[in-house]
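Participant: To start, I am sharing the structure in question, which I have written as structure tokens.
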Amino acid sequence: MVIGIVGYGAYVPKYRITIDEIAKVWGQDAQALRKGLLVEEKSVPAMDEDTITISVEAARNALLRAGIDPIKIGALYIGSESHPYAVKSSGTIVAQALGLSTNLMVADFEFACKAGTAAMQCCYGLVKAGEIEYGLAIGADTSQGRPGDALEYTAGAGGAAYIIGKDPLAELEGTFSYTTDTTDFWRRDGEKYPSHGARFSGHPGYFTHVLSASKGLMKKLSLKVEDFDYVVLHMPNGKFPTNACKLLGFPLEKLETSLVVKRMGNCYSGSSPVGLSAVLDVAKPGNRILMTSYGSGAGSDSFSFLVTDKILERQNKAPTTENYISKKENIDYGNYVKFRGKLKL
Amino acid sequence: MPYKSSVPLFWRLKDAKYSLVGTKCITCNQVFFPPADFCPQCRRKGKIEKFQFSGNGEVVSYTVIRVAPEGFEKYVPYVVAIIQLDEGTRISGQIIGDINKVEIEKRVKSVFRRITEDNDQGLIHYGIKFEIVD
Ligand SMILES: [Zn+2]
């Protein structure tokens with residue numbers, strides 16, 4: 001039984017703010033930041049956009065590509081660290097807006113930036129067990145960084161949705177996770193902005209988990225670096241996935257297509273899912289894709305996807321990731337502060 | 001005040017507000033939004049069904065709001081327009097983005113957005129707005 005991605009869709013808000021515009025306000029060296037982070041600009045949601053609205057738009061694109069009756073979806077899981085309500089599931093509103101069945105399993109997932117891929121694993125398991133025909137997994141965020149904090153340069157917004165089921169456009173060949181208790185980044189309940197261990201976030205956090213999960217997956221499936229055509233890694237900035245890609249022994253060309261962070265920043269739970277949608281937009285039958293997410297706290301989920309012939313008839317049924325990334329409008333710091341609600345009226 | 005914490009009212013209208021579900025009289029093909037359960041033309045011969053609008057349409061008329069009602073203050077200036085939907089009825093709605101891009105006869109498509117919030121502790125209301133298609 002071949003199970004995998006039946007439909008996918010991304011959504012990225014159209015506003016952007018450049019690293020230079022933020023650095024100007026805080027008197028920091030923009031050129032050094034751009035080089036250090038490998039990020040040029042980040043996406044900014046409009047005042048009326050949040051994880052729920054981004055999820056709806058991304059999922060509508062996924063439904064267009066899947067071409068299935070929404071009623072056949074049996075589970076909806078949304079991974080985010082910016083669910084608009086602390087108590088009241090985002091999934092209930094998204095399900096209603098999409099016209100999904102009321103006979104539906106729903107839960108909101110949280111695991112820093114990897115809750116979206118955890119949602120994909122759950123849908124995969126339920127489809128494989130025969131409990132549901134299709135599952136909808138979404139990773140989306142409207143991430144916030146404290147004004148003046150290093151995170152403010154990269155905390156972006158966006159998301160992607162995946163419908164998991166039979167007759168896929170990309171077969172999910174296997175998944176592997178690696179999880180430890182490593183506190184590199186956290187946010188206490190009720191706090192608006194996250195805290196982080198600054199440089200600590202790199203080695204014991206991101207690299208250990210991304211490398212362990214990716215290698216574990218390849219070992220589990222007996223696949224080698226040469227077997228993959230594309231690599232998608234969580235993108236807190238451009239530098240981390242680039243270095244992880246090298247450490248795994250992949251040539252950087254295999255990462256380039258997914259490296260959306262340069263032009264939209266880090267959209268947390270949506271980061272590797274949006275990277276994957278950018279790859280699927282251009283992938284050809286027979287291509288194999290490695291995707292590994294990372295969530296602080298910490299854990300990584302790794303997946304192998306084998307693209308099927310079905311991709312060709314579904315790629316063009318909805319706007320591409322590139323459509324959203326290139327259709328943009330740059331704003332200044334004043335509007336950014338207004339849009340992000342950092343201004344109290 | 002329909003938006004101010006009327007939880008039951010909001011709940012009853014959510015199909016229409018979230019995804020432009022209206023109704024259609026299959027006797028005379030007239031479409032209705034907000035949904036009507038009676039066709040004024042066919043009267044008792046009318047047969048009403050649920051109808052999903054595509055969300056595509058055209059600007060018929062618009063106005064720029066610079067002094068907003070309660071709950072919409074942070075969005076000013078913004079555009080409220082009358083939209084002719086392709087399937088054949090007119091509705092009013094907010095057009096997002098640059099107010100200078102809005103013109104009569106411009107094409108629009110629907111988007112899913114936050115409409116308003118009661119306050120920091122209250123409900124967030126979601127629904128359909130429109131975006132100019134370039
Ligand atoms: Zn009639």
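The values are calculated or read from the model by the stated rules, or taken from the named source; none is laboratory data. Note that the structure is a prediction, hence the values are computed from the model and not measured. Every residue, glycine among them, receives a Cβ derived from its backbone with ideal geometry; neighbour counts consider all protein chains shown.
Participant: Would you kindly identify the helices (runs of 4 or more DSSP H) lying entirely within the range A:247-345 that contain at least 1 residues that are of a type in the set (Ser, Thr, Tyr) and crowded, with 19+ Cβ neighbours inside 10 Å? Walk me through how you get there before you give the answer.
Facilitator: Values: elements: A:253-256, A:261-264, A:271-280, A:311-314, A:321-326, A:333-339.
Correct list: A:271-280, A:321-326, A:333-339.
So that you can scan it fast, the table gives a plain yes or no per residue for (1) of a type in the set (Lys, Arg); (2) within 14 Å of another protein chain (Cβ to nearest Cβ); (3) within 27 Å of A:TYR193 (Cα to Cα):
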site	(1), (2), (3)
A:ASP48	no, yes, yes
A:ALA58	no, yes, yes
A:ALA75	no, no, no
A:GLY79	no, no, yes
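Participant: Still on this model: Does A:ALA150 fit the bill of being out of contact with any helix residue (DSSP H, G or I) (no Cβ under 6 Å at 6 or more places or on another chain) and at pLDDT 80 or above?
Facilitator: Numbers: out of contact with any helix residue (DSSP H, G or I) (no Cβ under 6 Å at 6 or more places or on another chain): yes; at pLDDT 80 or above: yes.
Considered against the rule, which asks whether it is out of contact with any helix residue (DSSP H, G or I) (no Cβ under 6 Å at 6 or more places or on another chain) and at pLDDT 80 or above, A:ALA150 comes out as yes.
Rundown of residues vs (1) at pLDDT 95 or above; (2) within 24 Å of A:ALA155 (Cα to Cα); (3) over 14 Å from the mean Cα position of the chain (by Cα), yes/no style:
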residue	(1), (2), (3)
A:ALA244	yes, yes, yes
A:GLU256	yes, yes, yes
A:VAL261	yes, yes, no
A:PRO285	yes, no, yes
A:VAL307	yes, no, yes
A:ARG314	yes, no, yes
A:GLU322	yes, yes, yes
A:LEU343	no, yes, yes
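Participant: In the range A:1-32, which residue that is in contact with a Phe, Trp or Tyr (Cβ under 6 Å, 6 or more places away or on another chain) and surrounded by fewer than 21 Cβ atoms within 10 Å (Cβ to Cβ) is nearest to the other protein chains (Cβ to nearest Cβ)?
Facilitator: The selected residue is A:GLU21.
Participant: Given (1) surrounded by 16 or more Cβ atoms within 10 Å (Cβ to Cβ); (2) within 30 Å of A:GLY341 (Cα to Cα), identify the lone condition not met by B:ARG66.
Facilitator: (1)
Participant: Restricting attention to the range B:59-85, and to residues there that are among the hydroxyl-bearing types (Ser, Thr, Tyr) and within 14 Å of chain A (Cβ to nearest Cβ), which single residue is farthest from the ligand (Cβ to nearest atom)? So that I can check it myself, show each step before the final result.
Facilitator: Within the range B:59-85, the first condition is being among the hydroxyl-bearing types (Ser, Thr, Tyr), and the residues that meet it are B:61-63, B:75, B:78.
Next cut, within 14 Å of chain A (Cβ to nearest Cβ) only: B:75, B:78.
Working: B:TYR75: 37, B:TYR78: 35 Å.
For the range B:59-85, the residue satisfying everything is B:TYR75.
Participant: Go through (1) out of contact with any Pro (no Cβ under 9 Å at 6 or more places or on another chain); (2) more than 16 Å from the ligand (Cβ to nearest atom); (3) touching a residue at least 40 places away in the same chain (Cβ under 8 Å) for B:ILE91 and report which single condition fails.
Facilitator: Against the list (1) out of contact with any Pro (no Cβ under 9 Å at 6 or more places or on another chain); (2) more than 16 Å from the ligand (Cβ to nearest atom); (3) touching a residue at least 40 places away in the same chain (Cβ under 8 Å), B:ILE91 comes up short only on (1).
Participant: Tell me whether the range B:56-74 contains one or more residues that are closer than 18 Å to B:VAL102 by Cα, more than 18 Å from the chain's Cα centre (by Cα) and assigned to a loop (DSSP other than H, G, I, E, B).
Facilitator: To start, the set of residues in the range B:56-74 that are closer than 18 Å to B:VAL102 by Cα comprises B:56-66.
Now narrow it down to the ones that are more than 18 Å from the chain's Cα centre (by Cα): B:66.
Going one step further and asking which of them are assigned to a loop (DSSP other than H, G, I, E, B), we end up with B:66.
Taking every residue of the range B:56-74 in turn, at least one turns out to be closer than 18 Å to B:VAL102 by Cα, more than 18 Å from the chain's Cα centre (by Cα) and assigned to a loop (DSSP other than H, G, I, E, B).
Participant: Taking only the range A:1-43 into account, find how many residues are more than 25 Å from A:THR92 (Cα to Cα) and in contact with a strand residue (DSSP E or B) (Cβ under 7 Å, 6 or more places away or on another chain). Outline the logic, then answer.
Facilitator: Applying the first criterion (more than 25 Å from A:THR92 (Cα to Cα)) to the range A:1-43 yields A:1-3, A:14-43.
When the remaining residues are screened for being in contact with a strand residue (DSSP E or B) (Cβ under 7 Å, 6 or more places away or on another chain), the result is A:1-3, A:14-19, A:40-43.
Of the residues in that region, 13 qualify.
Participant: Next question. Of the residues that make up the range A:189-210, is at least one crowded, with 24+ Cβ neighbours inside 10 Å, over 17 Å from the mean Cα position of the chain (by Cα) and over 16 Å from A:MET291 (Cβ atoms)? Write out each step before concluding.
Facilitator: Residues of the range A:189-210 that are crowded, with 24+ Cβ neighbours inside 10 Å, as a first pass: A:205-206, A:209-210.
If we keep only those that are over 17 Å from the mean Cα position of the chain (by Cα) as well, we get A:205.
When the remaining residues are screened for being over 16 Å from A:MET291 (Cβ atoms), the result is A:205.
Within the range A:189-210, one or more residues are crowded, with 24+ Cβ neighbours inside 10 Å, over 17 Å from the mean Cα position of the chain (by Cα) and over 16 Å from A:MET291 (Cβ atoms).
Participant: Considering only the range B:86-104, state which residues are farther than 21 Å from B:ARG114 by Cα and more than 13 Å from every other protein chain (Cβ to nearest Cβ).
Facilitator: The answer is B:ASP86, B:GLU87, B:GLY88, B:THR89, B:ARG90, B:GLU103, B:ILE104.
Participant: Here's something else I'd like to know. Can you report the number of residues in the range A:287-325 which are free of Cβ contacts under 8 Å to residues at least 60 places away in the same chain and within 14 Å of chain B (Cβ to nearest Cβ)?
Facilitator: Residues that pass the stated criteria total 1.
Participant: Now, a different point. Could you list, in sequence order, the residues of the range B:86-111 that are farther than 20 Å from B:PHE32 by Cα and assigned to a strand (DSSP E or B)? Outline the logic, then answer.
Facilitator: Looking only at the range B:86-111, we keep the residues that are farther than 20 Å from B:PHE32 by Cα, and these are B:95-107.
Selection gives B:ILE95, B:ARG107.
Participant: Sticking with this one: Working only within the range B:105-134, note down all residues that are surrounded by fewer than 18 Cβ atoms within 10 Å (Cβ to Cβ), away from chain A (no Cβ under 13 Å) and at negative phi.
Facilitator: B:LYS106, B:ARG107
Participant: Can you pull out every residue in the range A:39-51 that is within 22 Å of A:GLY275 (Cβ to Cβ) and buried (at least 19 other Cβ atoms within 10 Å of the Cβ)? Before the answer, list the steps.
Facilitator: Initial filter on the range A:39-51 (within 22 Å of A:GLY275 (Cβ to Cβ)): A:39-45, A:49-51.
Matches in the range A:39-51: A:VAL39, A:GLU41, A:LYS42, A:SER43, A:VAL44, A:PRO45, A:GLU49, A:ASP50, A:THR51.
Participant: Also, quick follow-up: Just the residues that are within 9 Å of the ligand (Cβ to nearest atom) and either closer than 23 Å to A:GLU57 by Cβ or in contact with a strand residue (DSSP E or B) (Cβ under 7 Å, 6 or more places away or on another chain) (or both), please, taken from the range B:39-58.
Facilitator: Initial filter on the range B:39-58 (within 9 Å of the ligand (Cβ to nearest atom)): B:39-43, B:45-48.
Passing the criteria: B:CYS39, B:CYS42, B:GLY46, B:LYS47, B:ILE48.
Participant: Still on this model: Within the range B:11-38, how many residues turn out to be over 12 Å from the mean Cα position of the chain (by Cα) and away from the ligand (no atom under 16 Å from the Cβ)?
Facilitator: 2
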